[in-house]
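Please read the structure below before turning to the comments.
What follows draws every value from the coordinates through simple rules; no lab data is involved. Since this is a predicted model, take the numbers as computed values, not measurements. Positions of Cβ are generated from backbone atoms using ideal geometry, with glycine treated the same way; all protein chains shown enter the neighbour counts.
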Amino acid sequence: MNTPKKILITPLNWGLGHATRCIPIIKALEQNNFEPIIASDGVALALLKKEFPHLTCIELPAYNIEYATNGRNFKWKLLTQMPKMFSAISKEKKAIQKIIENYKIEGLISDNRLGSFSDVIPSVFITHQLNVLSGKTSWLTTKVHLNYIKKYTACWVPDVDKFPNLSGKLGHLDKPLDNITYIGPLSRITKKDLPKKYDLMVILSGPEPQRTLLEEKLIEELQEYPKEILFVKGIIQDQQKNWNENQITYYNFMNSEQLETAFNESEIVLCRSGYTTVMDLAKLGKKAFFIPTPGQYEQEYLAKKYKMEGIAPSCKQDKFRIEKLSKIDVYKGLQNFSNEEIDWENLFSLFQSKWEFWPFPEFTFNIDFFIVTLNDMFHYC
């Protein structure tokens, strides 16, 4: 039997969404006789260590981005942190090259990590954002982002290439790049016919301090909700904790198996409009209420899109009141727009073929890297 090829998976540590949607990819790699090696930092790495305790996990340099308390200051807060972020990305690039050499990596899959790229092995970039929304500078952020994506062997977009779809204009270009493949929505969740246990499921994620701010607001509002509630805080800790307070069952976090059961046992869901959560809800055909992270153009766009299409209601974080949940009834809910199974064997075939070195000029790469970093961090979730 051939020795499995080692594939490096590097999700961005920005909330839990990037790590979460890498879970089905990691499982598929194992099922197709590859050996995944995971590299990330912070809560993203902690989550994947719990999901895959048998796999090699490596810590990458952390970006340590602090999120603005006021969403209107989102861009400027990030701008002040550019120097330390550039330093971390430079260290990440060096770390990636060492990992490739030391572990004999034969393929790389980056979910939005800006320092994870190699021109000596097949490299894949995962994103649902081809058009990068950043307000008045969207044309510029999109242009530099696409120039960055072009460097990769392939770009996998977790959506369908036709209408209707989940990502809207975020994931669809007027003139698609040659290396883009629409692989279909990614979800670690399977729909099951289980009896209802919770009337409402609340699941939180995303960067601090916005995660905590929303948690505090929802706990206060939900005291007046008379039905059974499951509240998953999205705080990854060494030990799982759960407790009950009146009608609310709290968990600090859940693993994939527990979340799958919880989603299936819940009637409606209250959550952020992050794309990974949207893909899970669509897989189950769930009804939801969205509260986008303040200042994140992508989440604000998706929440508005689903509201206009009659799929799910939403509101700004500071405007949420428990009475707004009643609006869910008049919306049709999320739908799974792709019933086809992802063709993993075909997608992974690029790691089986003989790779020819393609020498990108180092100076050009670094200049592009500087520009795309400056702009892309305005929108990642």
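Some notes on this structure:
- Scaled against 2.2 N^0.38 Å for its residue count N, the alpha carbon radius of gyration of the range 198-330 is 0.98.
- In range of the label at THR3: residues from the range 40-62 whose backbone nitrogen is under 18 Å from the point 7 Å along Cα→Cβ: 56
- Whole-Å distance, taken between Cα centres, linking the range 11-44 and the range 272-301: 20
- The string of couplings for the range 224-229 from the Karplus curve (6.51, -1.76, 1.60, θ = phi - 60°) is 8, 8, x, 10, 6, 10 Hz, one whole number per residue in order, with x for Gly and Pro.
- A Förster radius of 51 Å combined with the Cβ-Cβ distance from ASN102 to GLU323 puts the calculated FRET efficiency at roughly 0.35.
- Sequence-distant residues sharing a close amide H with LEU60 (under 5 Å, placed H): SER40, ASP41
- For the listed peptides 177-183, 111-117, a ranking on the average number of other beta carbons within 10 Å per residue, highest first, reads 111-117, 177-183.
- Screening the chain for whole DSSP H helices of 15 Å or more along their axis (Cα) with average Kyte-Doolittle hydropathy at least -1.0 returns 17-31, 82-103, 138-149, 210-222, 362-376.
- Mean separation of Cα pairs under 8 Å and 6 or more residues apart, divided by the residue count, gives the range 198-330 a relative contact order of 22 percent.
- Extension gain for THR190 to GLU215 (0.36 nm times residue separation, less C-alpha to C-alpha distance): 6.3 nm.
- Measuring between their Cα centroids, the range 143-175 and the range 222-255 lie 36 Å from each other.
- The chain: relative contact order in percent, alpha carbon pairs under 8 Å with at least 6 residues between: 18
- Taking amide H as placed 1.01 Å from N in the peptide plane, the amide H of GLU35 sits under 5 Å from that of LYS5, LYS6, ILE7, each at least 5 places away or on another chain.
- Shown in residue order for the range 346-353 are the 3J(HN,Hα) couplings computed by the Karplus curve 6.51 cos²θ - 1.76 cosθ + 1.60 at θ = phi - 60°: 5, 4, 7, 4, 5, 7, 8, 7 Hz (x for Gly and Pro).
- A simple charge model with +1 on the Cβ of Lys and Arg, -1 on the Cβ of Asp and Glu and nothing else charged puts the dipole of the chain at about 720 debye relative to its Cα centre.
- ³J(HN,Hα), Karplus 6.51/-1.76/1.60, whole Hz, each residue of the range 248-254, x for Gly, Pro: 10, 9, 9, 10, 6, 7, 9
- All-pairs alpha carbon distance profile, the range 77-184, 5 Å steps from 0, percent: 2, 11, 19, 20, 19, 14, 10, 4, 1
- Listed cross-link partners LYS197/LYS227; LYS287/LYS327; LYS241/LYS327; LYS84/LYS233 are compared with a 20 Å cut-off, the Cα-Cα value being larger for LYS241/LYS327; LYS84/LYS233.
- Here the Kirkwood formula puts the hydrodynamic radius of the chain at 21.3 Å, using every distinct Cα pair.
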